[in-house]
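Have a look at the structure below, then the notes.
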Amino acid sequence: MNLVLQTTQKKVLTLGVSLLLFIGAFAQVKYSNKNAANLVVSGTSTLHDWDMKSAQGNCEATITLNAAGALTALNGLSFSTNALELKSGKGAMDKNAYKALKTDKSPNITYTAATSAVSASGTDYLVKTNGKLTIAGATLDAEITAICKVHPDKTITVTGSKKISMKDFGMVPPSFMMGTIKTGNDVTLKFDFTLGK
């Protein structure tokens, strides 16, 4: 009787340890960007194309890597940056851009993902997220796609871009020189940063 009980206990213990190892192999881990987040907002005008750049931004995400180090899921992603950190190198342009972005009342640009899907793309991973994007105080549903690369040290490089209509967010495209130079309505936000544990 004791032998049967001991054998059963060993089986239960082995099963429990195996289950813990399996769960551990697919554990969700919180990641954040440890270094600068490279952001570029690109647009057009009746005079020339333009860029505003920032190295400031905070991103946090819960990421699941399997035992082989493959990215299998991304959850709870959030990103924020202060729009006042975006600089073109031209003070007059920055001033008009901040006015369009309504930085006096809503200085932060934020994105919070509600759902995501991960698929392998060669040695990289294509991550599609759906969530809420807030710019100039207006919040809209948005889909943002990024390419993620997992490095040997388990850090993850994230790159991507998102085309945005300023009018959709209630913004008036900036103009310069008494309205003789006008910017286009559409801008592209490009991002590049590295996440670590």
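The values are calculated or read from the model by the stated rules, or taken from the named source; none is laboratory data. Note that the coordinates shown come from a computational prediction; the quantities given were computed from them, not determined experimentally. Every residue, glycine among them, receives a Cβ derived from its backbone with ideal geometry; neighbour counts consider all protein chains shown. The protein model used for the area step is the full one, side chains on, heavy atoms only, and it has no ligands, DNA or RNA in it. Shrake-Rupley method; radii C 1.70, N 1.55, O 1.52, S 1.80 Å.
At positive phi and either at pLDDT 95 or above or not in a strand (DSSP E or B) (or both): which single residue out of Gly76, Gly24, Gly89, Gly16 fits that description?
Numbers: Gly76 fails: either at pLDDT 95 or above or not in a strand (DSSP E or B) (or both); Gly24 fails: at positive phi; Gly16 fails: at positive phi.
Sole residue among the options that is at positive phi and either at pLDDT 95 or above or not in a strand (DSSP E or B) (or both): Gly89.
Within segment 93-131, the set of residues being open to solvent by less than 70 Å² (accessible area, probe 1.4 Å) and of a type in the set (A, V, I, L, M, F, W, C) comprises Met93, Ala97, Ala100, Leu101, Ile109, Ala113, Ala117, Val118, Leu126, Val127.
Of all positions in segment 137-145, none carries a residue that is touching a residue at least 40 places away in the same chain (Cβ under 8 Å) and of a type in the set (A, V, I, L, M, F, W, C).
Pairs meeting the criteria (first residue in segment 42-69 and more than 13 Å from Phe193 (Cα to Cα), second residue aromatic (Phe, Trp, Tyr), beta carbons under 7 Å, at least 6 apart or on different chains) are Gly43/Trp50; Ile63/Tyr31; Thr64/Phe26; Asn66/Phe26. Does Thr139 fit the bill of being part of a loop (DSSP other than H, G, I, E, B) and either over 17 Å from Thr62 (Cα atoms) or out of contact with any helix residue (DSSP H, G or I) (no Cβ under 7 Å at 6 or more places or on another chain) (or both)? In short, no. The residues of segment 92-123 that are outside any strand (DSSP E or B) and among the aliphatic types (A, V, I, L, M), listed by number, are Ala92, Met93, Ala97, Ala100, Leu101. Residues that are within 19 Å of the chain's Cα centre (by Cα), of a type in the set (Gly, Ala, Ser) and open to solvent by 40 Å² or more (accessible area, probe 1.4 Å) within segment 154-185 comprise just one, Ser161. Here segment 47-73 is the region considered, the condition is being part of a strand (DSSP E or B) and over 19 Å from the mean Cα position of the chain (by Cα), and the residue that is modelled with the highest pLDDT is Asp51. Based on what the data block shows, is Ser106 among the polar types (S, T, N, Q), closer than 27 Å to Ala68 by Cβ and under 20 Å from the mean Cα position of the chain (by Cα)? So Ser106 does not fit the description; no.
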